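Report on the following structure.
The values are calculated or read from the model by the stated rules, or taken from the named source; none is laboratory data. In this text the structure is predicted, and so the values were computed from the model without any measurement. Cβ placement follows ideal geometry from the backbone for every residue including glycine, while neighbour counts extend to all protein chains displayed. Accessible surface is based on the protein model in full, side chains and every heavy atom, while ligands, DNA and RNA are left aside. Shrake-Rupley method; radii C 1.70, N 1.55, O 1.52, S 1.80 Å.
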Number of protein chains: 2
Amino acid sequence: MEWTREQRYRPYDQHSALELLKLQRQADNSPEQLKYHIRPTSGLLNDPNGFSYFNKEWHVFYQSFPFGATHGLKSWMHMTSPDLVHWRSHGLALAPDTEYDSHGAYSGSARVVNGRLCLMYTGNHRDDDWVRTPYQLGAWMDHNYQVTKFDQPLFVNPSTITEHFRDPQLLEHDGRFYAIIGSQDAENKRGHIDLWESDQLEHGWHELGHVDLGQDDLGYMVECPNLITVDGRQVMIFCPQGLDPQVAPYDNIYPDMYLTAESFDYDHPAMINPDAHMQNLDDGFDVYATQAMNTADGKAYAISWVGLPDLEYPTDNQNWANCMSQVKELHYHDGQLYQNPVPAIRDLRQTDQAINIDGQVETINPEAGQQFELNLTLPADQTGTLHVAAKEDLSKSVAINFDTQAGKLTIDRGHTDQPTNLDYGTSRTVDLPAHQALNLDIFVDHSLIEVFINDGAKVMTLRYFNNQANQLLAFDHPVQATGTWWPLSDM
Amino acid sequence: MEWTREQRYRPYDQHSALELLKLQRQADNSPEQLKYHIRPTSGLLNDPNGFSYFNKEWHVFYQSFPFGATHGLKSWMHMTSPDLVHWRSHGLALAPDTEYDSHGAYSGSARVVNGRLCLMYTGNHRDDDWVRTPYQLGAWMDHNYQVTKFDQPLFVNPSTITEHFRDPQLLEHDGRFYAIIGSQDAENKRGHIDLWESDQLEHGWHELGHVDLGQDDLGYMVECPNLITVDGRQVMIFCPQGLDPQVAPYDNIYPDMYLTAESFDYDHPAMINPDAHMQNLDDGFDVYATQAMNTADGKAYAISWVGLPDLEYPTDNQNWANCMSQVKELHYHDGQLYQNPVPAIRDLRQTDQAINIDGQVETINPEAGQQFELNLTLPADQTGTLHVAAKEDLSKSVAINFDTQAGKLTIDRGHTDQPTNLDYGTSRTVDLPAHQALNLDIFVDHSLIEVFINDGAKVMTLRYFNNQANQLLAFDHPVQATGTWWPLSDM
């Protein structure tokens, strides 16, 4: 359906409860619905927000437009988990109900401050001429999940930015509060990350300046910046829209990149001794707006929106769209990030099936279905294709093409029932060490595949849309492979 | 809050989506909220409906008024499960949106017929003078959860019943369809169960007459009748409102009873060689409207509304009310029903703590919390009190008083933070064999306790409302006891 601006921005109290109940049931009943990933209760989900640990549970919020598969009037929906795997819904946490977030409670972060969770986010206000003013806003959430917004924006916008000024990450360093904010420069219309400082949190903010990433080009606008520490390394994760692919190659409409550095200078905002080049956080089709966080004991976790701005997906016709990735534990060594599932994901595993194929057969499981984990090791110097969610004759599947001789892995989602976003290609390829064994930890959840490659050295995430009756998991020809297949329970 | 009739019967499309989102969050965030039992997404839950196995999953629906803790305009909400323990929501399945169910899609049953699930339920219509006409209605649900209501009621009401004519259970016997329906006689205003028959299901229904239960008194109205087979025995479960407690003693405002018989005569509606007396299905405070079903392989399961008509509960102030019991597997031997948890409930168990107390200590666990299972064996000839969800000084708790000498078990919920429905007493007692060991399988879920006694010979179910910080699980004095305690995960 085509949405008018008026339809997209209708206040939540002007939609009917019956409409919402029907949308919720439609999302519940979708054959493509995720069963062990966070998905919208109804309508559209985008960025993860406020990923944090507070009051003995994990919290994550998501950007939501509950009334359809379009980027309409946004709010924060709230989920909690005891283990980063089993999430339960706590519903609408931040509604667009003040002057400052009248046109959307947009993305932001959360941080525990003095026993409460401080939410810091961007509110959008539009005037009668539809001119947008972004405000950086705050709210407290207490132990009873009660949210109280600050009365006023945290600070007055500088004149040096355009309307693209968003997604604050609240940080603490040496007893002071900081925020990094995605921005677009008013003068040259180029993207940068802005650093702000306050010693009071609710007041007293002032700008410290652009963060020097040692990069000339950050595209025309940066959003969703996150600064975290991973095994002692400073890591900036961010989305530089309009980045020149010559700077760092990417295949998706917008990239989700990371850059690491030895340290971060809060006084003269800069990544110190950074990597020469930024890198893709995910080599699949659909990861964006990743939000990362550090725990008190120094661990680092990330969760991603699986979906991209300005694109359409087949479930749009069912009035819901997008999902979250599973939570990924981050490590840094050998000059790069490693991303892996968290331990609790193993709690979803049901009876295992050992795989020990010695060039005899090609089928792993004729009825593997579309809700499972497959951990597979392929020896060096083999080529072939693993078909996931495949039709019996292999005419439809997600095809994972491996070549452990040359060192290449390609995922092709072009031969599914509803090929998606063809303008950006149907395959993604990563380079791997040649002549080496390859380990794949593959998670399938009805319309989502996450492939963790060689202990998380690479991750490839994608939505796919194949008939749920396509149950076959098989190679295209007999190969050598060992591993385990587990059906996974719902979260 | 006081509800006007107009507020209670406002159409769902005249409530706002924002109101519903707020109610859903309020229910999500309640400290008393159930974590491994079915509970309302928002508002009020009452009778289980349409309990069935269809398309490789279990289904149960519940009576819902989504807009507050009152018996307003009712609909069916839908849940499914792979194992009778892990349930997920499928939202609004039957809305009150036709002439025949304009004032509520009330209770009913479900049965697989020719590859679809047939829902049979009572629709209420009220005219301008608020005079109620109950209609017995049908609907199909297909493999994609699409529900299509029949155009017309299944039959014209007989003149022999009042407006109390409800809760059809659809049965099949010898290739014909039958329905038992709870009724009130127009002439003498007494309750009975009516039997109807059709060979076409969608049409051709005619009345066979009152079911002879061998009982003179079924109160002034019967609702929620269920006829099932349990280990070869015919069992009628039903709610005879206004039953004379001399006929069968009960302590609650309305009873949920069962009566068994050798066989059931469909031609001349009667329980053949029935028990002399009906018995309470549950000896606790809050079980009502139990719905039972048989599987194709002859097993029998039941699920109950935990809540009672015409009563108030403390979470009414939080705009939500009531929950379902866990599913109970039914058996029959030694002249009575036995009810026990289904095997999959064990999947919720986390690390176990063995209990082996030999008269030395009274505390089982100082931080047991309010989400656990406790399986406990108490030797013969002991008396004492087990305090559940107790404050450190034992001044607040649910007290389970046992006397394995005389053979008595009493549950007292009078010393909780919010004692509930005091008009009906604060304790319930069951008689047990004297001088014998006692086994208790106790399930606690924040505001619900289910106690299965001696392998399900008795069940005592209750809501309780104690501060969630009351974490102690202890005896009042050192006793002898063996068993196991498990924290349980969310479902």
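Observations on the model:
- Percent of Cα pairs exceeding the 43 Å cut-off, where the set is chain B: 14 percent
- By the equivalent-ellipsoid construction on the alpha carbon gyration tensor, segment A:69-182 comes out with semi-axes of 24, 19, 13 Å, ordered largest to smallest.
- Calculated [222 nm] ellipticity per residue, helices only, for chain B: -1000 deg cm²/dmol; basis is -39500 (n - 2.57) per DSSP H run with n ≥ 4, divided by all residues, nearest 500.
- Length gained when the stretch A:Asn356-A:Ala437 is fully extended (0.36 nm per residue, less Cα-Cα span): 27.7 nm
- B:Arg116 accessible area, 1.4 Å probe, all protein chains in place, Å² to nearest 10: 100 Å²
- Ranking of A:Trp205, A:Trp130 by solvent-accessible surface, largest first: A:Trp130, A:Trp205 (1.4 Å probe, protein heavy atoms only, all chains present).
- Alpha-carbon spread of segment A:349-487, three principal axes, descending order, Å: 35, 35, 27
- Neighbours of A:Gln169 by Cβ distance under 14 Å: Lys/Arg scored +1, Asp/Glu scored -1, total -4.
- Between B:Trp3 and A:Asp381, the FRET efficiency estimated from the beta carbon spacing at R0 = 60 angstrom works out to 0.25.
- Per-residue surface analysis assigns B:Phe285 an accessible area of about 0 Å², computed on protein heavy atoms at 1.4 Å probe radius.
- Cβ-defined net charge surrounding A:Met79, 13 Å radius [Lys, Arg +1; Asp, Glu -1]: -1
- 19 Å reach of a label modelled at B:Thr160, 7 Å along Cα-to-Cβ, counting backbone N of segment B:225-260: B:225
- When the residues A:Lys458, A:Lys408, B:Lys328 are ordered by accessible surface, computed with a 1.4 Å probe over the protein chains alone, the sequence from largest down reads A:Lys408, A:Lys458, B:Lys328.
- Rough spin-label spacing in nm, given labels placed 7 Å along Cα→Cβ, for A:Gln471 and B:Ile253: 4.8 nm
- Residue order for B:Met1, B:Met120 - accessible surface, 1.4 angstrom probe, largest first: B:Met1, B:Met120
- Rolled with a 1.4 Å probe across the full set of protein chains, the surface gives B:Asp286 an accessible area near 0 Å².
- Modelled this way, with points 7 Å down the Cα-to-C-beta line, the labels at A:Gln146 and B:Asp297 are 5.2 nm from one another.
- Spatially proximal lysines relative to B:Lys189 (Cα-Cα < 26 Å; intrachain offsets below 8 disregarded): B:Lys74
- Cα-based radius of gyration of segment A:416-491 once divided by 2.2 N^0.38 Å, which approximates compact folds: 1.24
- Taking the longest Cα principal axis of chain A as reference, the axis of helix A:17-29 is set at about 30 degrees.
- Taking every residue in A:25-34 and counting other chain Cβ atoms within 10 Å of its Cβ, the average works out to 4.
- Stretching the chain fully between A:Glu202 and A:Val131 yields a gain of 22.9 nm (0.36 nm per residue, less the alpha carbon separation).
- Interface size, chains A and B: roughly 2400 Å² of accessible area buried, both sides included, 1.4 Å probe, rounded to the nearest 100.
- Reach of B:Lys408 by Cα under 24 Å, taken over lysines that are not fewer than 8 positions away in the same chain: B:Lys328, B:Lys396, B:Lys458
- Environment charge of B:Leu311, counting only residues whose C-beta is closer than 12 Å and scoring Lys/Arg +1, Asp/Glu -1: -4
- Remark on the protein assembly as shown: hydrodynamic radius 30.6 angstrom, per the Kirkwood mean of 1/r across alpha carbon pairs.
- Distance-filtered residues of segment A:90-130 - backbone nitrogen under 11 Å, label point 7 angstrom along A:Asn55 Cα→Cβ: A:116-117
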